[in-house]
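The values are calculated or read from the model by the stated rules, or taken from the named source; none is laboratory data. Remember, it's a predicted structure, so these values are computed and weren't measured experimentally. Using ideal geometry, Cβ is built from the backbone for each residue, glycine included, and neighbour counts are taken over all protein chains shown. The accessibility values were calculated without ligands, DNA or RNA, using every heavy atom of the protein model including side chains. Shrake-Rupley method; radii C 1.70, N 1.55, O 1.52, S 1.80 Å.
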Amino acid sequence: MKLIIATIKPFKLEEVREALTSIGVRGMMVTEIKGFGSQSGHTEIYRGAEYAVNFVPKVKLEIVVAAAMADEVVQTIATTAKTDKIGDGKIFTLDVESALRVRTGETNDDAL
């Protein structure tokens with residue numbers, strides 16, 4: 001099993017969710033986060049005063065899938081979330097040692 005962690009622009013969330021559902025992803029965790037990378041924040045003007053926004057709003061997706069499906073999920077996220085502008089996000093893939101569905105006691109692939 002693989003854990004895929006993706007940070008994307010918030011307005012792309014629904015489009016990415018629909019694309020993942022269409023390839024068979026049955027669940028994900030979504031968290032609203034703030035961060036910076038190459039983008040390093042930006043400046044905005046509020047009531048005539050300029051101020052720095054050091055952390056940019058993003059959405060973090062956490063998805064656990066069978067190892068055989070991981071590459072397809074990563075490619076789907078990358079293609080769907082891409083805007084060709086700075087700050088499109090990052091995707092990380094990690095190994096998952098085990099999974100347990102609390103309600104039924106199912107483990108590993110069966111728990112997904």
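Rounded to the nearest 10 Å², what accessible area does Met28 have for a 1.4 Å probe in the complete protein model?
60
Once both axes come from the Cα atoms, what is the angle between helix 70-81 and the longest principal axis of the chain, in degrees from 0 to 90, rounded to 10?
30
Over the chain, average the accessible area per residue using a 1.4 Å probe and give it in Å², no decimals. Show your work: numbers first, answer last.
Working: 7520 Å² over 112 residues.
Computed with neighbouring chains in place, this is 67 Å² per residue.
What FRET efficiency, computed as 1/(1 + (r/R0)^6) with R0 = 25 Å and r the Cβ-Cβ distance, is obtained for Thr93 and Glu18, rounded to the nearest 0.05? It would help to have the intermediate numbers written out before the result.
Details: r = 21 Å, r/R0 = 0.86.
About 0.70, to the nearest 0.05.
Any idea of Leu13's accessible area? Nearest 10 Å², probe 1.4 Å.
My reading of the accessible area for Leu13 is about 50 Å².
Can you work out D for the chain in µm² s⁻¹ from Stokes-Einstein, where Rh is the Kirkwood radius over C-alpha pairs, the temperature is 37 °C and the viscosity is 0.692 mPa s?
Details: Rh = 15.5 Å.
Estimated diffusion coefficient is 212 µm²/s.
Once neighbouring chains are kept in place and the probe is 1.4 Å, which whole percent of the accessible area of the chain is contributed by carbon and sulfur? Write down the numbers at each step before the final one.
Values: 3920 of 7520 Å².
Heavy-atom surface of the chain belonging to carbon and sulfur, 1.4 Å probe: 52 percent.
Order Asp109, Asp88, Asp71, most accessible first, counting only protein heavy atoms with a 1.4 angstrom probe. Walk me through the intermediate numbers first.
Values: Asp109 95, Asp88 35, Asp71 130 Å².
Final ranking, largest accessible area leading: Asp71, Asp109, Asp88.
Ignoring everything except DSSP H segments at least 4 long, calculate the 222 nm mean residue ellipticity for the chain; use -39,500 (n - 2.57) per segment, divide by total residues, nearest 500.
On the way: 2 runs with 22 residues, N = 112.
Value at 222 nm, helices only, nearest 500: -6000 deg cm²/dmol.
Which sequence of Glu97, Glu72, Glu106 reflects their accessible areas, 1.4 Å probe, from the largest down? Present the calculation step by step, with values, prior to reporting the outcome.
Numbers: Glu97 185, Glu72 90, Glu106 70 Å².
If we order Glu97, Glu72, Glu106 from most to least accessible, we get Glu97, Glu72, Glu106.
In Å and from the alpha-carbon atoms only, list the Rg and Dmax of region 43-99.
Gyration radius and largest Cα-Cα distance of region 43-99: 17.0, 53 Å.
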